[in-house]
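Visitor: The structure that follows is given in the form of structure tokens.
The values are calculated or read from the model by the stated rules, or taken from the named source; none is laboratory data. Predicted, not measured: the structure shown is a model, and the values here were computed from it. Using ideal geometry, Cβ is built from the backbone for each residue, glycine included, and neighbour counts are taken over all protein chains shown. Note: accessible area is taken over every heavy atom of the protein model, side chains too, but ligands, DNA and RNA are not part of it. Shrake-Rupley method; radii C 1.70, N 1.55, O 1.52, S 1.80 Å.
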Amino acid sequence: MATGIKDKVAIIGMGCTRFGERWTDGAEDLMVEAFVEALQDAGIEKKEIDAAWLGTCFDEVNVGKSAIPLAQALKLPSIPVTRVENFCATGTEAFRGACYAVASGACRIALALGVEKLKDTGYGGLPGFDTAMGTLNRFILPNFTAPGGFALMATRYFAKYGISPEEGKMALAKISSKSHRCGALNPKAHLRKEVSPEQVLKAPIIAWPLGLFDCCGVSDGAAAAIVTTPDVARGLGKTPVMVKALQIAATSGEEMLTTRWDGTYLKTTTEAAKRAYAEAGITRPREELSVLEVHDCFSITELVTYEDLQISERGRAIRDINEGFFELDGKIPCQSDGGLKCFGHPIGASGIRMIYEVYNQLLHRAGPRQIPDPRLGLTHNLGGIPSFSVCSVGIFGL
Ligand SMILES: CC(=O)CC(=O)SCCNC(=O)CCNC(=O)[C@H](O)C(C)(C)COP(=O)(O)OP(=O)(O)OC[C@H]1O[C@@H](n2cnc3c(N)ncnc32)[C@H](O)[C@@H]1OP(=O)(O)O
């Protein structure tokens with residue numbers, strides 16, 4: 001078994017732009033904004049960075065295809081710069097590259113930056129997914145949309161566990177309402193309006209049973225992380241936020257094609273989580289984790305992820321939702337920054353944005369969203385669609 005990178009990598013600086021409609025800012029502006037905050041937070045000079053990873057996925061128009069846009073935007077000296085892309089797990093993929101480089105000893109200090117500028121590309125969950133999926137969508141899944149794919153997960157879940165549409169939709173509405181409450185407290189979030197569960201239920205349907213407020217937003221934004229070894233971090237006088245685990249799992253889609261997979265769970269999440277818990281030494285996630293940032297592209301994805309991460313028992317997530325388990329003042333707050341739902345989802349930036357919130361929570365910098373005594377935080381970033389997915393799970397602590 002691989003030994004992993006537990007306690008071999010420390011985060012010393014992070015930055016994140018305000019997500020949302022950034023019509024007047026180019027991708028370069030967003031990259032610079034996130035980077036400057038991270039660099040100031042780390043208290044280092046740019047020339048100390050040995051290598052950088054750029055994560056960007058759908059937006060070749062505004063960002064570009066190679067790693068050069070990052071080098072140009074940040075005016076990096078001639079260091080190795082790599083561009084990575086892994087659907088919506090792109091941000092975490094960039095972070096993984098930087099962490100592995102530090103853990104291997106190849107780099108002393110490395111940068112990961114994720115960016116996407118989606119609003120002016122016309123991208124949306126309904127139109128535009130064909131661009132993202134390329135020929136796969138046009139020829140194999142011609143009618144597929146992201147909301148449509150995840151809506152099926154909801155109907156399958158309701159059917160499997162005997163949940164009425166009213167009960168199921170109310171549980172999903174409570175998830176979104178909770179994230180909107182957190183997003184309203186966050187000055188960097190895109191959609192900062194509180195909505196009640198009743199308002200969620202009355203919103204226009206996007207793909208039944210998912211309505212407008214069950215969907216994440218389409219946003220512009222960037223986020224950055226600077227990582228190094230724990231020794232270098234301590235030498236710089238920093239309180240390092242340690243990477244306790246970083247795991248990623250991908251499926252080729254064989255679940256959908258060759259097994260009796262019923263669409264109510266993601267094997268990639270369960271596998272990545274299982275390995276991450278082993279790496280971090282966690283045996284009772286429900287008791288040991290303090291805060292979660294999960295890939296809530298749609299409310300049903302968040303519900304299913306509670307179970308896939310072994311926080312809620314299979315088929316019992318709705319009970320936890322009704323008991324307020326994931327609320328900001330609950331046992332394990334989930335999406336304390338508003339999540340993809342309200343912070344927004346500029347694809348390549350989202351994974352690093354999740355780490356940004358956990359980092360700030362662990363350092364007691366989350367302002368009105370601060371949870372009392374966070375010890376271990378988990379991020380979960382999902383790329384692809386339920387049947388063809390790549391999931392990453394990161395665990396962080398002091
Ligand atoms: C791909 C992977 O690897 C895995 C994944 O993560 S899949 C997820 C990929 N992302 C998506 O699918 C995005 C999903 N969301 C959407 O497509 C769009 O938000 C939507 C279709 C739900 C709505 O888009 P739209 O109808 O064009 O909305 P738009 O015209 O921009 O805005 C209308 C209003 O609704 C609000 N709004 C838009 N989206 C919203 C949302 N998701 N939640 C709450 N409010 C929203 C806007 O702020 C605006 O409000 P005002 O009138 O008060 O200004």
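Visitor: Under a point-charge model restricted to the Cβ atoms of Lys and Arg (+1) and Asp and Glu (-1), what is the dipole moment magnitude of the chain relative to its Cα centre, in debye to the nearest 20? Could the numbers behind the result be given before it?
Guide: Numbers: 42 positive and 45 negative charges, 78 e Å.
It comes to approximately 380 debye.
Visitor: Estimate the FRET efficiency between E194 and S104 by the formula 1/(1 + (r/R0)^6), using the beta-carbon distance for r and 51 Å for R0, to the nearest 0.05. Mind showing how you got there, number by number?
Guide: Details: r = 45 Å, r/R0 = 0.89.
The computed FRET efficiency comes out at 0.65.
Visitor: Taking the DSSP beta bridges in region 271-395 as the whole, what percent of them are antiparallel, to the nearest 5? Before the final figure, lay out each step's value.
Guide: Working: 8 of 12 bridges.
Restricted to region 271-395, the bridges split so that about 65 percent are antiparallel.
Visitor: Among N381, L398, P346, whose Cα sits farthest toward the positive end of the charge dipole of region 261-398 (+1 at Cβ of Lys/Arg, -1 at Cβ of Asp/Glu, about the Cα centre)?
Guide: Checking the options against the dipole of region 261-398, the answer is L398.
Visitor: Taking every pair of Cα atoms in region 278-342, average 1/r, invert it to obtain the Kirkwood radius, and report Rg/Rh to two decimals.
Guide: On the way: Rg = 11.4 Å, Rh = 12.1 Å.
Using only Cα positions, Rg/Rh for region 278-342 is 0.94.
Visitor: Which is farthest toward the positive dipole end of region 215-307 among C216, V294, Q247, measuring Cα position about the Cα centre, with Cβ charges +1 (Lys, Arg) and -1 (Asp, Glu)?
Guide: It is Q247.
Visitor: Something else: 5 Å is the cut-off here: which amide hydrogens, built 1.01 Å from N in the peptide plane, fall below it relative to A222, excluding neighbours closer than 5 in sequence?
Guide: Counting only residues 5 or more places away or on other chains, the set is T17.
Visitor: Based on the mean of other Cβ atoms within 10 Å per residue, sort peptides 241-247, 340-346 so the most packed one is first. Provide the component values of the computation, followed by the final result.
Guide: Details: 241-247: 24.6, 340-346: 30.9.
Going from most to least packed, we get 340-346, 241-247.
Visitor: Shifting gears a bit: Can you give me the convex hull volume of the Cα atoms of region 144-250, divided per residue and expressed in Å³? Mind dumping the intermediate values first?
Guide: Working: hull volume 19.0 nm³, N = 107.
Enclosed volume per residue, from the Cα hull, is 178 Å³.
Visitor: Moving on to the next point. Per residue, how many Å² of accessible area does region 56-116 show with a 1.4 Å probe?
Guide: 38 Å²
Visitor: Nearest 5 percent is fine: what portion of the DSSP beta bridges confined to the chain is antiparallel?
Guide: Details: 39 of 53 bridges.
If we restrict to bridges inside the chain, about 75 percent are antiparallel.
Visitor: To continue, here is another question. Would you work out what percent of the accessible area of the chain, with all protein chains in place, is carbon or sulfur (probe 1.4 Å)?
Guide: Numbers: 8020 of 14790 Å².
Here carbon and sulfur together make up 54 percent of the probe-accessible area.
Visitor: Now for a separate question. Just to be sure I understand the curve: with the Debye formula and one point per C-alpha of the chain, what is log10 I(q)/I(0) at q = 0.06, 0.07 Å⁻¹?
Guide: -0.20, -0.28
Visitor: Note the full-extension length gain between L152 and E48 as 0.36 nm times their separation in residues minus their Cα-Cα distance, in nm to one decimal.
Guide: Stretched out fully, the L152 to E48 stretch lengthens by 32.6 nm.
Visitor: Nearest 10 degrees, 0 to 90: what angle lies between the long axis of helix 27-42 and the longest principal axis of the chain (Cα atoms)?
Guide: Between the helix axis and the principal axis of the chain, the angle is about 70 degrees.
Visitor: Please list, ordered by chain and number, the residues whose modelled amide H lies under 5 Å from the amide H of W53; skip anything fewer than 5 residues away on the same chain.
Guide: Under 5 Å from the amide H of W53 lie the amide H atoms of T82, L111, A112, L113, each far enough along the sequence or on another chain.
Visitor: Compute the length gained on full extension between S66 and E254: take 0.36 nm times their separation in residues and subtract their Cα-Cα distance, giving the result in nm to one decimal.
Guide: Details: separation 188, 0.36 × 188 = 67.68 nm, distance 3.09 nm.
Result: 64.6 nm gained on full extension.
Visitor: Tell me the per residue accessible area of region 229-373 using a 1.4 Å probe; a whole number in Å² is fine.
Guide: Working: 4900 Å² over 145 residues.
Counting only protein heavy atoms, the per-residue value for region 229-373 is 34 Å².
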